[in-house]
Each structure stands twice: as structure tokens, then as C-alpha cells.
Amino acid sequence: MVDLVGVKTWIEGWPVYRQLTGTDPLGRGAAAQSPRSKALSPRTEEADSVAKSICPYCAVGCGQRIFVKDGKVIQIEGDPDSPISRGRLCPKGSASKSLVTSDRRVNNVLYRRPYGTEWESLDLETAMDMIADRVLTARNQTWEDNAEDGRPLNRTLGISSLGGATLDNEENYIIKKLFTAIGALQIENQARI
């Protein structure tokens, strides 16, 4: 004998039945929810704090909200207060949490010597000293005081800069001033390319 009460309960629990007979004919709310999905809560509810930031991937500058719990990033979402993205993120921006939390993220300076086949770790101070030495060497070796006709040049063609698109105006201003001060002419930004 068929258990009609059990069949009725099963049918009433079926999402299509709830969609056709309930107040959610498009199946976007209660009709689509299962007991498991009703019990779920967003991980952002557990956050201790929320920081606002900018997506690091392109020149658009979409706003992000960074949810932090116990000093660790637990979620990154679009910022609805952003006039640029109004809470939306592209697939890269939506996946930017892994940029911060991935166990494959490199957290130290890696250096491969000329003709080397292996990477080695360097402390930050050593790496910064190496960069400064190379900038000064390139500048000294390629410095041009005057053109052939005697016109003053005061430049180097041995150094250039390609800035990132997510730097703000102030950071780009400082970078432009730095490279101009050392005599570089090729100063460009990813946002213009």
C-alpha cells in the first residue's frame, strides 16, 4: 500500500511544486531553497572587521570589501559603495582572495643569478641594495650630459619605468618625480597601454 502522506510530503518538498504553488513563481527565493541552503549563513557574518580596497588587476579600479577574521582574510567581495563598480567584480577580481591567502603565494624575495638554473631566497634589505646598485650603475654607464651639438641633455636612456595600473595618482606622481630626477625619459604606465 502506498503511503499517501509520505508522497504528499515529498511532492510538497519538491522545488518545482513550491515554485508553481507558492509565492515564488520564478524560483528565485523560497521555492529554490532546500533545508540545507536555508541553514547556510554567509561567511562574512563571522568577520571581525571589513576594510575597503581596490582590485589590483587592471586599470578600472573596482572597489572591494575585504572581510577579516582573527587577522586573516576570509572573503573579498565587490564594494557596493564604489562609484566605479557598484559592488560588482569581474572573475579575476572575484578570485582575488586567493592572491592573498593561497599557500602557493611567494612571500619572500627570489633571485636567480645570471646563467643560474635555481632560485635562491634573499632578505629584503639585500635585494633592495642590489636594485639600488644596478640603478646607479645603469645611470652612470648611460648618462648623457650633452648632445653632439653641445645642447644639454642631462638624461639616461638606460633606465625606464612601467608603472602599474592600480597605483593611485599620488603614487604615480611620486614615481614620475623619482624617475625624472634620476634622468630617465621612458616613463610609462600600464593604464595607458
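The values are calculated or read from the model by the stated rules, or taken from the named source; none is laboratory data. All of these numbers come straight from a predicted model, not from anything done at the bench. Every residue, glycine as well, gets a Cβ built from its backbone with ideal geometry; the counts of neighbours run over all protein chains shown.
Just for region 109-147: of the residues that are assigned to a helix (DSSP H, G or I) and of a type in the set (D, E, K, R), which one is farthest from the chain's Cα centre (by Cα)?
Selected residue: Arg139.
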Ala127: surrounded by 13 or more Cβ atoms within 10 Å (Cβ to Cβ), under 25 Å from Asn189 (Cα atoms) and in the same structural domain as Ala184 (by TED's automatic domain parsing), yes or no?
yes
Gly150 vs. criteria assigned to a strand (DSSP E or B) and not hydrophobic (A, V, I, L, M, F, W, C):
no
Within region 32-64, how many residues are on the phi > 0 side of the Ramachandran plot and either acidic (Asp, Glu) or without any contact (Cβ under 8 Å) to a residue 12 or more places away in the chain (or both)?
0
Take the residues in region 137-193 that are within 25 Å of Cys58 (Cβ to Cβ) and among the aromatic types (Phe, Trp, Tyr), then tell me which one is surrounded by the fewest Cβ atoms within 10 Å (Cβ to Cβ).
Tyr173
State all residues of region 45-72 that are in contact with a Phe, Trp or Tyr (Cβ under 7 Å, 6 or more places away or on another chain) and either part of a loop (DSSP other than H, G, I, E, B) or surrounded by 15 or more Cβ atoms within 10 Å (Cβ to Cβ) (or both); if no residue qualifies, say none.
Ala47
Specify the residue that is nearest to Met128 (Cα to Cα); the eligible residues are those in region 73-116 that are hydrophobic (A, V, I, L, M, F, W, C) and loosely packed, with under 12 Cβ neighbours inside 10 Å.
Leu110
Just give me the residues in region 20-77 being hydroxyl-bearing (Ser, Thr, Tyr) and touching a Lys or Arg at 6+ places or on another chain (Cβ under 9 Å), in sequence order.
Thr44, Ser49, Ser53, Tyr57
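A quick yes/no check of all residues on (1) over 13 Å from the mean Cα position of the chain (by Cα); (2) closer than 19 Å to Asp168 by Cβ; (3) at pLDDT 85 or above; (4) not assigned by TED's automatic domain parsing to the domain that holds Gly164:
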{"position": "Tyr17", "(1), (2), (3), (4)": "yes, no, no, yes"}
{"position": "Gly29", "(1), (2), (3), (4)": "yes, no, no, yes"}
{"position": "Ala32", "(1), (2), (3), (4)": "yes, no, no, yes"}
{"position": "Lys52", "(1), (2), (3), (4)": "no, yes, yes, yes"}
{"position": "Phe67", "(1), (2), (3), (4)": "yes, no, yes, yes"}
{"position": "Lys72", "(1), (2), (3), (4)": "yes, no, yes, yes"}
{"position": "Arg86", "(1), (2), (3), (4)": "yes, no, yes, yes"}
{"position": "Ser94", "(1), (2), (3), (4)": "no, no, yes, yes"}
List the number of the failed condition for Val7; all other conditions in (1) surrounded by fewer than 15 Cβ atoms within 10 Å (Cβ to Cβ); (2) modelled with pLDDT of 85 or more hold.
(2)
Hits in region 153-179 (condition: of a type in the set (A, V, I, L, M, F, W, C), within 21 Å of the chain's Cα centre (by Cα) and assigned to a strand (DSSP E or B))
Leu162
